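As structure tokens, the structure follows; a few thoughts come after it.
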Ligand SMILES: Nc1ncnc2c1ncn2[C@@H]1O[C@H](COP(=O)(O)OP(=O)(O)OP(=O)(O)O)[C@@H](O)[C@H]1O
Ligand SMILES: [Mg+2]
């Protein structure tokens, strides 16, 4: 026992020790902050619940975007840094349809149908952008060193941002309100009297349904099997008669459609769109994908939900108790600190590698 | 016209001239073996046939039609020329049965697929016992069975096998070769690449000897077994 400990100690470097000290400090901060805030009783249980619920809604949007990062990584081992712009292109374009339908009175007379049309257009545009991106920018570089497509993706990200800025002008545009999703719903009115914003419920429920649908597509359909086969071994998949190029296109399409849907949810929650709207959600969703173990589908979904709740509850729970003023402003800092910590301490993510790589 | 024929095939990897104009032929119903030492170009030959590497020049004719026009997946779907690759390459994160269905990926004749699945399970009862197990957790020998079974699920009209005996215990080698012979008797034409020339020449009808990218000898398996050079170099006889 002691022997083994001594043996292991020999392989611990100074950097390791420094890192563990940082981790211990952060953990202490979290514990002390949470203890202070909870004993102080600044927030009621209901308020904490509100944090969790809005975190879940936000997180389900991250999860939908993260799906695209993780599927593309799984199949091409590249981070598609332009995915945030795929997410932006759909709702930004669909805004004009929404505006048109609003002027025609459809958002007033048939709000859910109008929303559905906007949603479909958004998904279509994001899908087309994602597939074109792969076809025009990434496919010619397949087989190049990994840095090359990465730099291309960053370039494509700027290209798309400024193209859409040029096309649709730089200002913020307000999405129309959807009457049936305004206000709140009350659950268990007689006992718990749980009052939750309708929008949060709608976003969370539809996102989760979509996630389940997409997961089932990958897991149980023939095309899904092709995607999994190509992700494991492109050449072996080709030897089974799988059209590898086509399968990669489909993968980008699935990620694009999910991002387009997420974009509309985002636009509904925050009521506005512009050319830059993909940047932060894109980075957050990338973080979520890493948290869940990049390349791992259920991981990306869990990672998204986890990140959403963490950054919603975190500022009040960990920081306010330490006396940090305006803690809520620091939610992005919390999210990205978590990304760095995961990359250092657990690069395989929460779920880890499900199976060791073949020798 | 030969059933399958390779004519004057040249393959380069950059500056490396891996195949220097090889020609060979396989008739319907035959097992033909391609033997040679490490680096002779055996795998390269199979990869060229299944479209994974582009030859510089030459022809690959299946029933008279040149396969070079086709992409790898089209060679599978349209010609049913099936390649069981070196090193098994099973899909580790799929179950045994999912792997077998991947073999039948492009087939539309569902009833026949189910029949073929039963046939594979009959050839390899071990796979049936483990059908729900992830392929990555199979032993090396079981993975080899799975790779062969997966190839059979494609209803091959020509089966290309790259060193099916590699890394297997002697007793398993024997039974794999018996199975290959059985598969051939059930009607599948086979081009078998092997380093184990001893076993390969026992089940094959004819054989080609490949040395550093060139065919140096071809004859019936019987004659090759009796050939002095083959005995010395590939069969390890004094
Ligand atoms: N991708 C590649 N890039 C460069 N050279 C290669 C490549 N693949 C094979 N070669 C070279 O081509 C030659 C033939 O290789 P090949 O894999 O066909 O041999 P082999 O007969 O299958 O050998 P083994 O019995 O060891 O499998 C070798 O010299 C090898 O180094
Ligand atoms: Mg080889």
Single residue of the range A:207-217 satisfying the filter (crowded, with 17+ Cβ neighbours inside 10 Å and within 21 Å of residue A:181 (Cβ to Cβ)) that is farthest from the chain's Cα centre (by Cα): A:210
Among B:117, B:46, the single one that is within 16 Å of ligand 1 (Cβ to nearest atom) and under 27 Å from residue B:138 (Cα atoms) is B:46
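For residue A:236, indicate whether it is over 27 Å from residue A:120 (Cα atoms), within 14 Å of chain B (Cβ to nearest Cβ) and surrounded by 15 or more Cβ atoms within 10 Å (Cβ to Cβ). It would help to see each step written out before you state the result.
Working: over 27 Å from residue A:120 (Cα atoms): yes; within 14 Å of chain B (Cβ to nearest Cβ): yes; surrounded by 15 or more Cβ atoms within 10 Å (Cβ to Cβ): yes.
The answer is yes for residue A:236.
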Name the helices (runs of 4 or more DSSP H) wholly within the range A:242-336 that hold at least 1 residues that are free of Cβ contacts under 8 Å to residues at least 24 places away in the same chain and either out of contact with any helix residue (DSSP H, G or I) (no Cβ under 8 Å at 6 or more places or on another chain) or buried (at least 24 other Cβ atoms within 10 Å of the Cβ) (or both)? A:244-270, A:297-314
Residues of the range B:149-181 that turn out to be in contact with a strand residue (DSSP E or B) (Cβ under 6 Å, 6 or more places away or on another chain) and part of a helix (DSSP H, G or I), as a count: 1
Quick one: which residue in A:148, A:131 is loosely packed, with under 15 Cβ neighbours inside 10 Å and touching a helix residue (DSSP H, G or I) at 6+ places or on another chain (Cβ under 7 Å)? A:148
Pick from the range B:91-114, criterion more than 8 Å from chain A (Cβ to nearest Cβ) and in a loop (DSSP other than H, G, I, E, B), ranking: surrounded by the fewest Cβ atoms within 10 Å (Cβ to Cβ): B:108
Can you tell me which residue among B:110, B:56, B:47, B:89 is within 16 Å of ligand 2 (Cβ to nearest atom) and out of contact with any helix residue (DSSP H, G or I) (no Cβ under 7 Å at 6 or more places or on another chain)? B:47
Residues (part of a helix (DSSP H, G or I) and surrounded by fewer than 16 Cβ atoms within 10 Å (Cβ to Cβ)) located in the range A:37-47: A:38, A:39, A:40, A:45, A:46, A:47
Being assigned to a helix (DSSP H, G or I) and away from ligand 1 (no atom under 15 Å from the Cβ) is the filter; apply it to the range B:182-197 and report the residue that is surrounded by the fewest Cβ atoms within 10 Å (Cβ to Cβ). B:185
Criterion first (touching a residue at least 24 places away in the same chain (Cβ under 8 Å) and over 20 Å from residue A:258 (Cβ atoms)) does residue A:81 satisfy it? no
Based on this model, can you work out whether residue B:141 counts as within 14 Å of another protein chain (Cβ to nearest Cβ), within 21 Å of residue B:175 (Cα to Cα) and either touching a strand residue (DSSP E or B) at 6+ places or on another chain (Cβ under 6 Å) or at pLDDT below 95 (or both)? no
Any hit, the range B:137-148, residues being part of a loop (DSSP other than H, G, I, E, B), more than 15 Å from ligand 1 (Cβ to nearest atom) and surrounded by fewer than 16 Cβ atoms within 10 Å (Cβ to Cβ): yes
Meets criteria (touching a strand residue (DSSP E or B) at 6+ places or on another chain (Cβ under 7 Å) and more than 20 Å from residue B:42 (Cα to Cα)) for residue B:223: no
So the strands (runs of 3 or more DSSP E) completely within the range B:21-86 holding 3 or more residues that are in contact (Cβ under 8 Å) with a residue 40 or more places away in the chain and surrounded by 23 or more Cβ atoms within 10 Å (Cβ to Cβ) are B:31-35, B:81-84
(1) modelled with pLDDT of 90 or more; (2) in contact with a strand residue (DSSP E or B) (Cβ under 8 Å, 6 or more places away or on another chain): which one isn't true of residue A:201, the others all being true? (1)
Does residue B:236 fit the bill of being surrounded by 17 or more Cβ atoms within 10 Å (Cβ to Cβ), farther than 25 Å from residue B:76 by Cβ and more than 16 Å from ligand 2 (Cβ to nearest atom)? no
With respect to residue B:41, determine if the residue is within 14 Å of chain A (Cβ to nearest Cβ), modelled with pLDDT under 95, closer than 19 Å to residue A:235 by Cβ and within 16 Å of ligand 2 (Cβ to nearest atom). no
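The values are calculated or read from the model by the stated rules, or taken from the named source; none is laboratory data. Just so you know, these numbers come straight off a predicted model, no measurement behind them. Ideal geometry is used to build each Cβ from the backbone, glycine not excepted, and the neighbour counts take in all protein chains shown.
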